[in-house]
Amino acid sequence: MLYNTLSRRKEEFVPYNPPRVGLYVCGPTVYGDPHLGHARPAITFDLLFRYLSQQGYKVRYVRNITDVGHLEHDADEGEDKIEKKAKLEQLEPMEIAQYYTDRYHKYMEQLGVNPPSIEPRASGHIIEQIELIKKILEAGYAYESNGSIYFDVEAYDRKFHYGKLSGRVLEEMMSNTRELDGQGDKRNPYDFALWKKASPEHIMRWPSPWSDGFPGWHLECSAMSMKYLGERFDIHGGGMDLMFPHHECEIAQSTAACGHDAARYWIHNNMITINGQKMGKSLGNFITLEEMFTGKHKLLEQAYSPMTIRFFILQAHYRSTLDFSNEALQAAEKGLDRLMKAMETLDKIKPAAATTVDIDDLEKRYREAMDDDLNSPMVISALFDWVRIINQLHDGSQSITADDLARLKTLMHTIVFEVLGLRDEKAAGAAGGNDLVTPLVNMLLEMRMQAKAAKDWATSDRIRDGLTAIGIRVKDRKDGCDWEIE
């Protein structure tokens with residue numbers, strides 16, 4: 001069951017031509033460093049991509065890069081944001097786009113986000129966008145004005161319903177529409193640009209039947225989703241802030257050109273707040289991913305690792321508002337450490353003659369939660385119940401056979417690493433020679449075991465108390481000891 005924004009209800013997901021799934025997600029606009037707002041949709045739809053793939057579906061996941069046509073966000077100036085930044089830095093616009101695209105890829109990889117099947121760029125699909133405009137013009141839902149092409153919302157609304165995704169009506173949109181640069185070319189203020197004639201100083205421009213210009217922001221997603229997924233595909237996703245006007249306009253464009261909406265399901269992740277406030281540069285709470293990973297921001301008490309960020313995002317349902325705070329992130333850090341310790345403990349469990357735990361319970365809870373609109377918080381709740389059981393298996397208060405232990409290891413690995421996309425950063429760091437904490441703590445614990453064997457209780461207690469003072473909890477067991485970050 002997936003929550004379909006368009007129908008406002010959960011619906012059973014049955015893809016066309018199973019086991020194939022077409023998934024299109026609005027990717028980043030590459031004119032600045034990746035920030036927390038980029039992390040949530042990337043992780044949300046990575047989770048969907050991973051789960052569908054793990055379930056045996058062949059998923060074609062298309063996530064675009066917007067590198068031209070973002071006029072709606074700088075409409076007062078009538079200038080594309082990438083072009084504006086290129087002028088300020090005296091660079092080619094594509095240099096700006098390439099630099100920030102590379103930065104985006106770098107940070108997504110650190111967050112454990114798998115690359116999509118296809119990652120098209122708006123600037124690489126100008127021909128497809130021009131052809132789509134021609135179809136919309138021929139259907140009678142667009143008009144030319146001084147070399148620019150605008151979508152005729154009123155004409156479209158007479159036959160179809162503009163606003164069915166966001167629940168808006170034309171009267172409301174008219175009353176809330178500001179007078180912006182270039183509005184005089186429109187028949188109505190709520191019409192939107194399919195093609196804009198470029199002013200003489202505009203750098204990013206392409207020839208078209210109407211003028212040298214550039215496509216409107218909304219057009220790229222309709223053109224690229226049709227090219228790679230066809231006129232009908234399964235799922236379209238993105239952030240809730242894109243529902244209007246971007247996705248509403250996509251529906252109108254696709255329906256005007258083809259006679260029907262392209263996507264069967266519309267899925268939107270909710271927004272991120274910082275200490276209860278909407279994230280924004282003017283509020284001083286705009287945090288980039290680099291600042292999160294280094295701790296170099298006035299609102300951060302410490303650095304937070306990529307997996308801490310990913311785990312924290314997965315702890316909330318994708319449709320709920322997510323509030324970042326130091327307290328919440330520190331709690332997520334401790335929870336992730338507990339989970340990774342349990343994954344290590346799995347390899348230390350000794351098989352027994354009988355099984356006293358119910359592995360079917362974990363598998364059932366995992367599948368029911370994921371099938372219930374990607375309910376990752378419920379998956380994590382089930383995992384922590386099994387962290388306790390894994391510790392019981394290790395200390396001998398529960399038992400498990402060799403075959404069932406192998407099955408448990410496979411299931412936990414699938415859920416934690418393959419579907420949730422988490423990884424043990426300590427283990428990865430140690431393998432790469434970058435993690436100093438793990439070998440140092442292990443060395444101290446080995447010295448403590450030697451002290452206990454020699455009945456040097458003072459040294460043993462001093463090592464334990466010293467580790468406790470810096471936030472490392474030592475857990476003694478019959479055959480040794482474990483540790484975790486508190």
- Could you grab me the full set of residues in the stretch 243-279 that are touching a strand residue (DSSP E or B) at 6+ places or on another chain (Cβ under 9 Å), surrounded by fewer than 23 Cβ atoms within 10 Å (Cβ to Cβ) and among the small types (Gly, Ala, Ser)? Gly276
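Anything in the stretch 220-242 that is part of a strand (DSSP E or B) and surrounded by fewer than 22 Cβ atoms within 10 Å (Cβ to Cβ)? List them, or say none. Outline the logic, then answer.
Going through the stretch 220-242, the residues part of a strand (DSSP E or B) turn out to be 233-239.
The one that is part of a strand (DSSP E or B) and surrounded by fewer than 22 Cβ atoms within 10 Å (Cβ to Cβ): Gly239.
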- Counting residues that are touching a strand residue (DSSP E or B) at 6+ places or on another chain (Cβ under 6 Å) and aliphatic (A, V, I, L, M), which strands (runs of 3 or more DSSP E) fully inside the stretch 1-53 reach at least 1? 2-4, 20-25
- Message: Would you confirm, using the coordinates I've provided, whether Ile251 is among the β-branched types (Val, Ile, Thr) and under 19 Å from Thr66 (Cα atoms)?
- Response: yes
- Task: Any chance you could count how many residues in the stretch 129-159 are within 10 Å of Ala256 (Cα to Cα), in contact (Cβ under 8 Å) with a residue 40 or more places away in the chain and of a type outside the set (A, V, I, L, M, F, W, C)?
- Result: 3
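Within the stretch 447-486, take every residue that is among the basic types (Lys, Arg) and without any contact (Cβ under 8 Å) to a residue 12 or more places away in the chain and give me the one that is surrounded by the fewest Cβ atoms within 10 Å (Cβ to Cβ).
Going through the stretch 447-486, the residues among the basic types (Lys, Arg) turn out to be 448, 452, 455, 462, 464, 473, 475, 477-478.
Next, from what is left, pick out any that are without any contact (Cβ under 8 Å) to a residue 12 or more places away in the chain: 452, 455, 462, 475.
Details: Lys452: 17, Lys455: 7, Arg462: 13, Lys475: 12.
Only one residue fits best here, namely Lys455.
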- Index of the failed condition, Asp261 passing every other in (1) within 27 Å of Tyr57 (Cα to Cα); (2) part of a helix (DSSP H, G or I): (2)
- Task: Please list, ordered by first then second residue, the pairs with beta carbon atoms under 9 Å, 6 or more apart or interchain, first in the stretch 258-285 and within 30 Å of Glu327 (Cβ to Cβ) and touching a residue at least 12 places away in the same chain (Cβ under 8 Å), second of a type in the set (D, E, K, R) and in a strand (DSSP E or B).
- Result: Met271/Lys278; Ile272/Lys278; Ile272/Asp323; Thr273/Asp323; Ile274/Asp323; Asn275/Asp323; Gly276/Asp323; Asn285/Lys278
- Message: Within the stretch 92-143, take every residue that is at pLDDT below 95 and touching a Gly at 6+ places or on another chain (Cβ under 7 Å) and give me the one that is surrounded by the most Cβ atoms within 10 Å (Cβ to Cβ).
- Response: Ala122
- Query: Any idea how many residues of the stretch 341-377 are surrounded by 14 or more Cβ atoms within 10 Å (Cβ to Cβ), of a type in the set (A, V, I, L, M, F, W, C) and over 20 Å from Asn4 (Cβ atoms)?
  - Reply: 8
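Out of all the residues in the stretch 344-353, is one or more within 18 Å of Arg40 (Cβ to Cβ) and either of a type in the set (A, V, I, L, M, F, W, C) or assigned to a helix (DSSP H, G or I) (or both)?
First, the residues of the stretch 344-353 that are within 18 Å of Arg40 (Cβ to Cβ): none.
No - not one qualifying residue is present in the stretch 344-353.
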- Message: What's the total number of residues in the stretch 118-142 that are among the hydroxyl-bearing types (Ser, Thr, Tyr) and touching a strand residue (DSSP E or B) at 6+ places or on another chain (Cβ under 6 Å)?
- Response: 0
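Is it the case that the stretch 72-91 has a residue that's assigned by TED's automatic domain parsing to the domain that holds Tyr150, modelled with pLDDT of 90 or more, in a loop (DSSP other than H, G, I, E, B) and within 26 Å of Glu291 (Cα to Cα)? Don't jump to the end; show me each part of the working.
Narrowing the stretch 72-91 to residues assigned by TED's automatic domain parsing to the domain that holds Tyr150: 72-91.
Imposing the further condition that a residue be modelled with pLDDT of 90 or more reduces the set to none.
Looking for residues that are assigned by TED's automatic domain parsing to the domain that holds Tyr150, modelled with pLDDT of 90 or more, in a loop (DSSP other than H, G, I, E, B) and within 26 Å of Glu291 (Cα to Cα), one finds none in the stretch 72-91, hence no.
The values are calculated or read from the model by the stated rules, or taken from the named source; none is laboratory data. The structure presented is a predicted model; accordingly, all values stated were derived computationally and were not measured. Using ideal geometry, Cβ is built from the backbone for each residue, glycine included, and neighbour counts are taken over all protein chains shown.
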